[in-house]
Every structure is written in C-alpha cells, then in structure tokens.
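Asks: Have a look at this one.
The values are calculated or read from the model by the stated rules, or taken from the named source; none is laboratory data. Computed from a predicted structure; not experimentally measured. Neighbour counts run over all protein chains shown; Cβ positions are idealised from the backbone, glycine included.
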Amino acid sequence: MDLIKVDVTSKVKGKYEDGHMNLYMGNAKVGKVIETNQGFQHEMAEGFEFENDKIFRYENENPNQVQSYVEGCDEGWC
C-alpha cells in the first residue's frame, strides 16, 4: 500500500486549551503546538506531519483499489 503526503493545512483549526494550542481537523485532534524555551514544538498524531509551516496527512494513494474480489475463502468454496 503506497502512501502519499497531502497538504491539509487549510482544513486544520487551532483551539487554545490547557496552556497549549490543540490542532483539529473536523472533530479529530491531529496534534498540538507547545511553546518551550527552544520555541514552538509541534506534536502531531500518527499519520500527520508538520513541515515548512504546513500540516500534511499521509493517505492511501489508491483508496478505492480493490484488494480482493471474494471474501470468506477460508471455507474452501471460492
């Protein structure tokens, strides 16, 4: 399964909660931004990446690609 990196920056909104900025895409939390002595730290959820001031999500290159035309072949009648 090949993954592609998709720019989702315009779909992500920030909400200040508990002393840091949580990042959401829809209702799903995709990361957070924390200010430290070294500057801003970005902690992203699995499948997301922060790079060059943009947020990317890794997605299947062919999400509708059929993996198998049959199911339940463990019973031997396929």
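Asks: Residues in region 31-45: is at least one modelled with pLDDT of 95 or more and loosely packed, with under 10 Cβ neighbours inside 10 Å?
Replies: No, there is no match, as no residue in region 31-45 is modelled with pLDDT of 95 or more and loosely packed, with under 10 Cβ neighbours inside 10 Å.
Asks: Quick one: which strands (runs of 3 or more DSSP E) lie wholly within region 13-62 and hold at least 3 residues that are on the phi < 0 side of the Ramachandran plot and of a type outside the set (Phe, Trp, Tyr)?
Replies: By residue number, 20-25, 28-36, 39-44, 54-60.
Asks: If you take the residues of region 11-48 that are among the small types (Gly, Ala, Ser) and under 17 Å from the mean Cα position of the chain (by Cα), which of them is nearest to GLU61 (Cα to Cα)?
Replies: The residue in question is GLY47.
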